[in-house]
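**Q** Here's a structure for you.
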Amino acid sequence: MTDKSPAEPSTEWWLTTHTIFEDDSASVALEAILASEERLRGLGRREMRFAFRAITEGTWWVAALDEQLRSRLTTRLPSLSAAYSSDRNADENGQYVPAFLWARNRHAHQLPFTTMHDDELAVRQGGVPSKFSEELKWMASADYPPVEKRFEDAGRRDVYDRLLAGQPINATLYQCALWFNKAAGRDPEWEQGQQSRCEGANRAG
């Protein structure tokens, strides 16, 4: 058995995603996610139709960018993609991505209206400006149209209900953007923590 090198790429997937984000396609996808989030700010009941269009677009970009990263990591080395998915699911921001993947599939297969307006919260806030449109929230999965069994994906549905249902739609989209910022190398503190963790694992091994 050979010892792992400290530079072993099987877990340090972010070294590869840095280069992926140098491509126009990946960087534009992240810009599109941020643009969708910005369009959702400050919206109320009258903008529900616009909000649905914006969150459907944002959800599509989240799924497309995540799929592109996983695909290109797999091409480089399958273990890189597995490590990426594992770290994403365990991350405080990245855990939102699988929930968005479930929502994207629902949009694609059923085109359900996924947003709702919280009338009680709107009254309680008294019109105070907020970065996030807290009145516009994700619907619970139980309020979606029944789904065909082959599209059910119970695991991601549970994540959706835990992280998205009843939460502000643009605040949750922003969580995805924060994760992709990490993957793009725009969060030095997070990356330093990841590097330290890998070095500790290599020493322990």
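**Q** For the range 131-156, which residues satisfy the criterion of being within 18 Å of Thr56 (Cβ to Cβ) and in a helix (DSSP H, G or I)?
**A** Listed by number, the residues that qualify are Ser141, Asp143, Phe151, Arg156.
**Q** Please count how many residues of the range 19-51 are more than 20 Å from His107 (Cβ to Cβ), touching a residue at least 12 places away in the same chain (Cβ under 8 Å) and not in a helix (DSSP H, G or I).
**A** 4
**Q** Kindly list the number of the only condition in (1) surrounded by fewer than 19 Cβ atoms within 10 Å (Cβ to Cβ); (2) under 15 Å from Ala184 (Cβ atoms) that fails for Leu30.
**A** (1)
**Q** Could you go through the range 168-181 and let me know if any residue there is within 19 Å of Asn93 (Cβ to Cβ) and exposed (fewer than 14 other Cβ atoms within 10 Å of the Cβ).
**A** No, that holds for no residue.
**Q** Could you list, in sequence order, all residues of the range 133-191 that are of a type in the set (D, E, K, R) and closer than 30 Å to Leu15 by Cα?
**A** Scanning the range 133-191 gives Arg156, Lys182, Arg186, Asp187, Glu189, Glu191.
**Q** Give me the pairs, please: first residue somewhere in the range 139-166 and surrounded by 13 or more Cβ atoms within 10 Å (Cβ to Cβ), second residue anywhere and at pLDDT 80 or above and acidic (Asp, Glu), beta-carbon distance under 7 Å, and either six or more positions apart or on two chains.
**A** If the second residue must be at pLDDT 80 or above and acidic (Asp, Glu), the pairs left are Ala140/Asp161; Ser141/Asp161.
**Q** Right, something else. Have a look at Ala54, Ala108, Ala63 and point out the one that is in a helix (DSSP H, G or I), aliphatic (A, V, I, L, M), on the phi < 0 side of the Ramachandran plot and surrounded by fewer than 15 Cβ atoms within 10 Å (Cβ to Cβ).
**A** Ala108
The values are calculated or read from the model by the stated rules, or taken from the named source; none is laboratory data. As the structure is a prediction and not an experimental result, all values here were calculated from the model. Backbone-built Cβ (ideal geometry, glycine too); neighbour counts: all protein chains shown.
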